[in-house]
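See structure below.
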Amino acid sequence: MKRFFVSILLLLYFLLSIPIKSYREIELSGNDSIALSLGDIDSSDLQLSQALQEQHNNYLKKVYALLSFIIILIIIAIIISIWLNYKKQIVALSSKKDKTHDPKNNSPNHSNKKLNQEDNDLFIALEDLMIKEKIFTDPNLTLNSLAKRVSISRNQLSYMINRHTGRNFNYYINEFRIKEIIRIISNPEYNHMNMEEIAEQGGFNSRSAFYSAFKTHTGLTPTQFKHKNLP
């Protein structure tokens, strides 16, 4: 853009120098003619000199008219160039904004996919601990102890459980405990056990916590559930 304006200025200087030079030559010629007319030339020579001067003046007017037209064209070209450049910047900003809000561009990159895969693998390992080893039956199980078991921080474990289940740690653990207690209640082999003993088998260390969790997950008390679902 700077080169463009420099080129325009040089062109204007060149075009303006021509009529100025011509005007000086005409002025000198006119002065010589006037000086001669005051001397020895006759009236016909004076008329010829005046005619030539008028011809040069008309030429000068045409040159300035042409220069004015060229200057107007240059100004219009500059305005159009500035407008096009501004429009180009607006389009570029709009395109950048669209890319920023494009779901495809917000999709996880390779490193994020790798992190998600590691998170999925850890959650599968956690589910195996719950289902196969039944570590939820430990009444002293806490977020810290479970995090150490799977070799991650307590914050990572809490986030992972919430991400995969939409639940917090206590709800997630109690869900396994209640399923285990329902399995025990449904098995005639455990009919000799009372509810407190069954609660301990499931991992609860207090009667109140057991009854509260059972009703939260089933909508019934343990006794109501047993009468409703078992013969």
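The values are calculated or read from the model by the stated rules, or taken from the named source; none is laboratory data. Keep in mind it's a predicted model, so treat the numbers as computed, not measured. When we count neighbours, we look across all protein chains shown, and the Cβ atoms used for this are built from the backbone with ideal geometry, even at glycine.
Could you go through the stretch 110-127 and let me know if any residue there is more than 37 Å from the chain's Cα centre (by Cα), without any contact (Cβ under 8 Å) to a residue 40 or more places away in the chain and part of a helix (DSSP H, G or I). Even if it seems obvious, please write down each step before you answer.
So the first thing to find is which residues in the stretch 110-127 are more than 37 Å from the chain's Cα centre (by Cα), and the list is none.
No; the residues of the stretch 110-127 include none that is more than 37 Å from the chain's Cα centre (by Cα), without any contact (Cβ under 8 Å) to a residue 40 or more places away in the chain and part of a helix (DSSP H, G or I).
Got at least one residue in the stretch 175-194 being more than 24 Å from LEU230 (Cα to Cα), modelled with pLDDT under 95 and surrounded by fewer than 16 Cβ atoms within 10 Å (Cβ to Cβ)? Within the stretch 175-194 (the criterion being more than 24 Å from LEU230 (Cα to Cα), modelled with pLDDT under 95 and surrounded by fewer than 16 Cβ atoms within 10 Å (Cβ to Cβ)), the answer is no, since none of the residues qualifies.
Residues in the stretch 209-231 that are over 23 Å from ILE135 (Cβ atoms) and without any contact (Cβ under 8 Å) to a residue 24 or more places away in the chain: LYS215, GLY219, LEU220, THR221, GLN224, HIS227, LYS228, PRO231. Look at (1) at pLDDT below 95; (2) surrounded by 14 or more Cβ atoms within 10 Å (Cβ to Cβ); (3) within 16 Å of LEU122 (Cβ to Cβ) and you find that SER151 fails only one, number (2).
If you take just the helices (runs of 4 or more DSSP H) that sit entirely in the stretch 133-231, which of them hold at least 2 residues that are of a type in the set (A, V, I, L, M) and under 30 Å from ASN116 (Cα atoms)?
Numbers: elements: 143-149, 154-165, 169-185, 195-202, 207-218, 222-229.
In the stretch 133-231, the matching helices (runs of 4 or more DSSP H) lie at 143-149, 154-165, 169-185.
Please determine, by comparing only the residues of the stretch 204-231 that are surrounded by 15 or more Cβ atoms within 10 Å (Cβ to Cβ) and aliphatic (A, V, I, L, M), which one is farthest from the chain's Cα centre (by Cα). Out of the qualifying residues, it is ALA209.
Whenever a residue of the stretch 129-141 is closer than 12 Å to PHE204 by Cβ and touching a residue at least 12 places away in the same chain (Cβ under 8 Å), its partners that are of a type in the set (S, T, N, Q) and in a loop (DSSP other than H, G, I, E, B), lying with C-beta atoms within less than 7 angstrom and at least six residues away or across chains, give the pairs PRO139/ASN205.
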